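Trainee: This is the structure I have questions about; it appears just below.
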Amino acid sequence: MDASELIEKMVAESGKSARGISREIGRSSTFVGTTIAKGSDIRLGTLSAIAKAAGWEIVARKGEEEIVIS
């Protein structure tokens, strides 16, 4: 799964619109939708902000250790 597919899943399961999440993270209302449509790669901080707005969290895992990206 790439970043745009992950974003699409998070938005779809959040109950919020892509436009609403875009505004919530301080971006233009079309940012999330355009990112999904174009399959764009985005910065980790932006991905984390989208995840948080959609009710998710991004986690890095190595073995038993997990780090939540915020």
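Taken together, the values in this text are just the output of simple stated rules run on the coordinates, not laboratory data. No experiment lies behind these values; they were computed from the predicted model shown. Every residue, glycine among them, receives a Cβ derived from its backbone with ideal geometry; neighbour counts consider all protein chains shown.
Trainee: Each residue of region 25-32 in order: what ³J(HN,Hα) in whole Hz does its phi give by Karplus 6.51 cos²θ - 1.76 cosθ + 1.60, θ = phi - 60°, with x for Gly and Pro?
Mentor: For region 25-32, the Karplus curve yields 8, x, 10, 4, 4, 9, 4, 5 Hz.
Trainee: From the list [x] -0.29, -0.39, -0.75; [y] -0.29, -0.40, -0.84; [z] -0.47, -0.58, -0.89, can you say which value of log10 I(q)/I(0) by the Debye sum over Cα atoms at q = 0.12, 0.14, 0.20 Å⁻¹ was derived from the structure given?
Mentor: Label of the calculated value: [x].
Trainee: If you take the charge dipole of region 1-41 about its Cα centre, with +1 on Lys and Arg Cβ and -1 on Asp and Glu Cβ, which of SER40, ILE7, THR30 is farthest toward its positive end?
Mentor: THR30
Trainee: For THR34 paired with VAL68, estimate the spin-label separation in nm (one decimal), with each label point 7 Å from Cα along the Cα-to-Cβ line.
Mentor: Simple spin-label model gives 3.1 nm for this pair.
Trainee: Around ILE69, which amide H atoms from residues at least 5 apart in sequence, or from another chain, sit under 5 Å from its own amide H, with H modelled in the peptide plane?
Mentor: Under 5 Å from the amide H of ILE69: ILE58, VAL59, ALA60.
Trainee: On to the next question. Give me a comma-separated list of calculated 3J(HN,Hα) values for region 3-16, in order, Karplus coefficients 6.51, -1.76, 1.60 applied at θ = phi - 60°, integers in Hz, x for any Gly or Pro.
Mentor: Using θ = phi - 60°, the values come out as 4, 5, 5, 4, 4, 4, 5, 4, 5, 4, 8, 7, x, 10 Hz.
Trainee: Here is a further query. Quote to one decimal, in nm, the extra length available between VAL59 and ARG27 on full extension: 0.36 nm per residue of separation minus the C-alpha distance between them.
Mentor: 9.2 nm
Trainee: Under a crude label model (7 Å from the Cα following the beta-carbon direction), how far is MET1 from ILE42 in nanometres?
Mentor: It works out to 1.5 nm between the two label points.
Trainee: Restricting to DSSP H runs of at least four residues, report the calculated mean residue ellipticity at 222 nm for the chain, -39500 (n - 2.57) per run over all residues, nearest 500 deg cm²/dmol.
Mentor: Result for the chain, helices only: -15000 deg cm²/dmol.
Trainee: What ³J(HN,Hα) values, in whole Hz, does the Karplus curve 6.51 cos²θ - 1.76 cosθ + 1.60 give for region 35-49 when θ = phi - 60°, with x put for Gly and Pro?
Mentor: Running phi through 6.51 cos²θ - 1.76 cosθ + 1.60 with θ = phi - 60° gives 4, 5, 5, 8, x, 6, 7, 10, 5, 4, x, 5, 4, 5, 5 Hz.
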